[in-house]
There are 2 protein chains.
Amino acid sequence: MNDIAADPSHPRYKSLLLRHLLEQAAEKGMLAASALIAHGRGEAFDYLLGEQTTPSALIATQQAAARLMSAKRPVISLNGNVVALAGREMLLVANALGCPVEINIFYRTPERMTALLNHLEDIKQELNIDVEILGANPDARIPGLEGPRANCTNKGIFSSDVILVPLEDGDRCEALVAMGKFVIVVDLNPLSRSAIMGNLTIVDELTRFAVNLFAAIGEDYELQDIDNDALLSDAHAQIATNATKR
Amino acid sequence: MNDIAADPSHPRYKSLLLRHLLEQAAEKGMLAASALIAHGRGEAFDYLLGEQTTPSALIATQQAAARLMSAKRPVISLNGNVVALAGREMLLVANALGCPVEINIFYRTPERMTALLNHLEDIKQELNIDVEILGANPDARIPGLEGPRANCTNKGIFSSDVILVPLEDGDRCEALVAMGKFVIVVDLNPLSRSAIMGNLTIVDELTRFAVNLFAAIGEDYELQDIDNDALLSDAHAQIATNATKR
């Protein structure tokens, strides 16, 4: 870790800490090269959003908790960045929901799969919780996608009714929606295809979202009709305001 | 290169090609881990800027050419991302100006220095041009900076009157301005400290800027008083417009 990331009083402390987590994950072989670039894109949007959870993102997160709690077969989809940055919180949420998580990576190699599984197993042991981790042995395919990107498990993503997909690729997000699932997206770019395609989009930084989601699980939030366009418009307006504020 | 980056008709072709150049550079040891994250931040801002050179960025680029051409001791500062993405164009510009380039990296290691020098020497040979490449043996320091980040050469950055610093760190940009140099910044984030500190800031994607700069060198653009705040405000307005356009 460089000097700045060791000093919690530094204004960029949180941001540098997340970078450090990703650098560690990259060294462990958990990430594709594009993962760091994707993280940088997120940093820029978070900067423009003011680096804090907006009121509408918090409401969206509480609605995400309500949807996951009322689901028959909820599942949490995890990619490399999600495991690296919020693997712990995602496993705690899955444990609280009693649902599985599924590793679901865009650039699938056996080495990355093993690195991610090992990292999650380490967290499970540390927390002493028992969450089923799917994805190592895919036995189903998401219709409309080609190649290994379509791989999933029948027990997890394929049969789920509500799916949480933080930081998901646009094509896959669209394919999951087309399967009739209720798709909960977490994406800092409110203009991305994932953000637009999702049924409920939380425009927030992943680790802030993860903490808020865990806090919301078990609470009694009433299910509301989701106006996802309104959630996205709020984020657009926030960016526009911050971009012109000097 | 993945399938998409091999297909020039793909709408993300240019963006994927740049990522591929960076991945290659990372494999050659030219980049710090933060380089890919920084590139991602740039991608997000470029997306919000519309992924094209704005009229004000083009005027700023032409003014950059005029300033470099009228300088007594111009120099071009190169870091890892600049060498990877636009090393060729930067050497062509330096050759046309008859000025040196100086490798000036934030996370300095002998291995990265060697990888960058070798890459630039390869380009020089390929283009059959003779440009002095400084930076391997720093013999001066930028006042106000600590540690290896202050290192520079007397012949290059230290004695320069006009310096082009694409993708520069905010602290270093500020320190160069404090030395009384005319500092030309290239940065996709119009809210960054570098963008704000610079005497002339081109808010444009590096490779588009590099091509435009090379085209402008040798042309007869009159030196104008620079209203850098106005250039930045143009970029802010562009982002605000694109963020709310659906």
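Among the residues examined, residue B:114 qualifies as out of contact with any helix residue (DSSP H, G or I) (no Cβ under 7 Å at 6 or more places or on another chain) and closer than 16 Å to residue B:81 by Cα. Which residue, of A:51, A:89, is closer than 21 Å to residue A:23 by Cβ, within 13 Å of the chain's Cα centre (by Cα) and touching a residue at least 12 places away in the same chain (Cβ under 8 Å)? Every option except A:89 fails the conditions.
Among residues of segment B:209-220 being surrounded by fewer than 20 Cβ atoms within 10 Å (Cβ to Cβ) and more than 12 Å from residue B:96 (Cα to Cα), the one that is modelled with the lowest pLDDT is B:220. How many residues are within 14 Å of another protein chain (Cβ to nearest Cβ) and assigned to a helix (DSSP H, G or I) if we restrict to segment B:28-72? Counting residues in segment B:28-72 that are within 14 Å of another protein chain (Cβ to nearest Cβ) and assigned to a helix (DSSP H, G or I) gives 17. Selection of segment A:171-183 for residues being touching a residue at least 12 places away in the same chain (Cβ under 8 Å) and outside any helix (DSSP H, G or I) yields A:179, A:181, A:182, A:183. Scanning segment B:45-58 for any residue that is surrounded by fewer than 24 Cβ atoms within 10 Å (Cβ to Cβ), β-branched (Val, Ile, Thr) and farther than 24 Å from residue A:189 by Cβ turns up nothing. Evaluation of residue A:113 against the conditions (1) part of a strand (DSSP E or B); (2) free of Cβ contacts under 8 Å to residues at least 60 places away in the same chain shows that the sole unmet condition is (1). In the condition set (1) in contact with a helix residue (DSSP H, G or I) (Cβ under 8 Å, 6 or more places away or on another chain); (2) assigned to a loop (DSSP other than H, G, I, E, B), residue B:75 is compliant with all but (2). Every listed requirement among (1) modelled with pLDDT of 95 or more; (2) within 12 Å of residue B:34 (Cα to Cα) is met by residue A:22 save one, (1). Quick check: anything in segment B:176-184 closer than 30 Å to residue B:111 by Cα and over 18 Å from the mean Cα position of the chain (by Cα)? Checked segment B:176-184: at least one residue is closer than 30 Å to residue B:111 by Cα and over 18 Å from the mean Cα position of the chain (by Cα). Selection of segment B:116-135 for residues being out of contact with any strand residue (DSSP E or B) (no Cβ under 7 Å at 6 or more places or on another chain) and not in a helix (DSSP H, G or I) yields B:128, B:129, B:130, B:132. Across segment A:128-147, which residue is surrounded by the fewest Cβ atoms within 10 Å (Cβ to Cβ) among those that are more than 23 Å from residue A:180 (Cβ to Cβ) and not charged (D, E, K, R)? In this case the residue turns out to be A:128. Might you check whether a residue that is assigned to a loop (DSSP other than H, G, I, E, B), within 14 Å of chain A (Cβ to nearest Cβ), crowded, with 22+ Cβ neighbours inside 10 Å and modelled with pLDDT under 95 occurs anywhere in segment B:157-170? Yes, segment B:157-170 has at least one match. Of the residues making up segment B:209-246, those that are part of a helix (DSSP H, G or I) and away from chain A (no Cβ under 14 Å) number 8. How about segment A:184-208: which of its residues are more than 11 Å from chain B (Cβ to nearest Cβ), assigned to a helix (DSSP H, G or I) and not charged (D, E, K, R)? Passing the criteria: A:194, A:195, A:197, A:206, A:207. As a summary of the residue check, residue A:186 satisfies the conditions (1) closer than 26 Å to residue A:91 by Cα; (2) modelled with pLDDT under 95 except for the one numbered (2). If the condition is being of a type in the set (Ser, Thr, Tyr) and without any contact (Cβ under 8 Å) to a residue 60 or more places away in the chain, then segment B:121-166 contributes only B:153. Looking only at segment B:16-27, residues that are in contact (Cβ under 8 Å) with a residue 60 or more places away in the chain and more than 9 Å from chain A (Cβ to nearest Cβ) come to 4 in all.
The values are calculated or read from the model by the stated rules, or taken from the named source; none is laboratory data. These figures come from a predicted structure and were not determined experimentally. When we count neighbours, we look across all protein chains shown, and the Cβ atoms used for this are built from the backbone with ideal geometry, even at glycine.
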